[in-house]
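Written out below as structure tokens is the structure these notes cover.
The values are calculated or read from the model by the stated rules, or taken from the named source; none is laboratory data. Here the structure is a predicted model, which is why all the values come from computation and not from measurement. When we count neighbours, we look across all protein chains shown, and the Cβ atoms used for this are built from the backbone with ideal geometry, even at glycine. Surface accessibility is based on the protein's heavy atoms, side chains included, excluding ligands, DNA and RNA. Shrake-Rupley method; radii C 1.70, N 1.55, O 1.52, S 1.80 Å.
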Amino acid sequence: MTNIAILGAQYGDEAKGRVTLDFSKNFDWVCRFAGGDNVGAMVYRNGKKYVHHLLPVVDYNSSPYAKSFLGNGMVINLESLLEEIKLIENDFPGSAKKVYIDTDAFVVLPEHLQQDQNTKDSEGRNTSTNRGIAQAYTSKVARKGVRVYNYINDNAEIIQALSKFGVKFKNVLQLRPEFEIQNILFEGNQGIMLDLVSGRYPYITSSDTTVSGIYSSGFHFIHLDKVYGVLKPYLTRSGGKELPTEMYGEEAEQLVSAAKEYGNTTGRARGVGYMDLVALKYAALRGGLTHLVLTKLDVLNGKKNHKICISYGKEVSSPNDFFETNPAYITVPGWNDCKDINQIRPFISVIEKYVDIPVEYVTTGINPDDLIRLGQK
């Protein structure tokens, strides 16, 4: 059996969805293990855009396509999930019958949504996605949470509605015999630099975004053959907190516009920054990455040079080290056409040399054939 994980190697929004979509053709299961509907994986099927907030990303055009599993490390807004299933079921009838929800997962409640809407940061802004994620995880840790199986025991209407579409409710141990003999793709949410423990605390999410989240959600019996870290040739950050390599002014505005760097969940413009190899190496070590996937190279077609951060002027081994930094940069030649591997090779070589992990795939556009596997050294 082959089992892999696809994780965000930066601050989220690395285009993991389109990578997962393509890879899913070769797997029996695509499993989410953490997070909630605060994420938004944008993919295209038959030329139509879909944004996955809770459902794992699966290629519904492949036959047979993978089953979906929402793991117990997630916090799930069941109403939101129902609406998402309705949209997918409309275009791909029968897809809901391959959706499984771990009965031990916790539920996002109406009061969590209300609490989130009233949350402000130290500057009086609401920078949350207003999806009640932090509040649901807080209830979980405080031993006040409600699980999916509580809804099942109460024969709640939302459970009945999901069941009518064919959604199934089984925990990870009930499915273990099947998991152990089939191929699994674990789809990470957000990015390692937003991890609750390893991320740039306190500007983080409320869940595990590294391989540890896979094991803590009950998959300790699974061996991972590869752990892919997905990254862009620049940085983005949602939520209004500056990056160590933040871009400003016209350069930042042009990149946001060209790359359409707006939140899939909030619609807000993202902060952008230069490629940060210090953070990438840290994420690789903390997240257990073995291979890299470099996306959205086409966005930078025609740019003459690229700045890459190679030092903060100090050792970096802790989330606290991402503050009071003094970034040092090198400049690497750009490319006119990222589909010409020889043009992008100098940029890739710098990444591989610094992080000591191979870049196995690159994406050069939004079409399926724009995901290219590089020749291995």
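Here are a few things to note about the model shown:
- Of all DSSP beta bridges in the chain, antiparallel share, percent nearest 5: 40 percent
- Protein-only accessible surface order, largest first, of Val350, Val141 at 1.4 Å: Val141, Val350
- Residues Arg147, Arg268, Arg32, ordered by accessible area of protein heavy atoms at a 1.4 angstrom probe radius and largest first, appear as Arg268, Arg147, Arg32.
- Alpha-carbon centroids, the range 14-71 and the range 240-302: separation in whole Å: 21 Å
- Applying 1/(1 + (r/R0)^6) with R0 = 45 Å to the Cβ-Cβ distance of Val141 and Lys49 gives a FRET efficiency near 0.80.
- Sorting Thr290, Thr205 on solvent-accessible area from highest to lowest, probe radius 1.4 Å, gives Thr290, Thr205.
- Taking max minus min of the alpha-carbon positions on each principal axis, the range 1-44 gives extents of 30, 23, 19 Å, largest first.
- Net charge of the neighbourhood of Lys170, taken over other residues with C-beta under 13 Å away and scored Lys/Arg +1, Asp/Glu -1, is +1.
- The chain - mean residue ellipticity at 222 nm from DSSP helices (-39,500 (n - 2.57) per run, n ≥ 4, rounded to 500): -8000 deg cm²/dmol
- Volume per residue for the chain equals 137 cubic angstrom (convex hull of Cα atoms).
- For the range 183-253, the set of chymotrypsin sites (Phe, Trp or Tyr not before Pro) satisfying both a DSSP loop assignment and a count of at most 11 other C-beta atoms within 10 Å is given as Phe221, Tyr248.
- For the range 258-339: accessible area per residue (Å², 1.4 Å): 45 Å²
- Between helix 341-355 and the chain: long-axis angle, C-alpha atoms, 0 to 90°, nearest 10: 80 degrees
- Once the Cβ-Cβ distance of Lys353 and Arg268 is raised to the sixth power relative to R0 = 30 Å, the FRET efficiency obtained is 0.30.
- Surface per residue (accessible, 1.4 Å probe) for the range 171-231, Å²: 37 Å²
- Pair Asp154, Gln254: separation of 7 Å Cα→Cβ label points (nm): 5.5 nm
- Accessible surface of the range 180-323, 1.4 Å probe: 49 percent of it comes from carbon and sulfur atoms.
- Computed FRET value (nearest 0.05) for Asn26 with Asn336, which takes r as the C-beta separation and R₀ as 25 Å: 0.15
- Expected-Rg normalisation [2.2 N^0.38 Å, Cα atoms] applied to the range 307-371: 1.40
- Taking Lys and Arg as +1 and Asp and Glu as -1, the other residues whose beta-carbon sits under 10 Å from that of Ala66 total +1.
- In loop segments of the range 282-374 as defined by DSSP, the GluC sites (Glu not before Pro) with at most 11 further C-beta atoms inside 10 Å of their C-beta are Glu315, Glu324.
- Each other residue within a Cβ distance under 13 Å of Ser217 adds +1 if Lys or Arg and -1 if Asp or Glu, for a net charge of -1.
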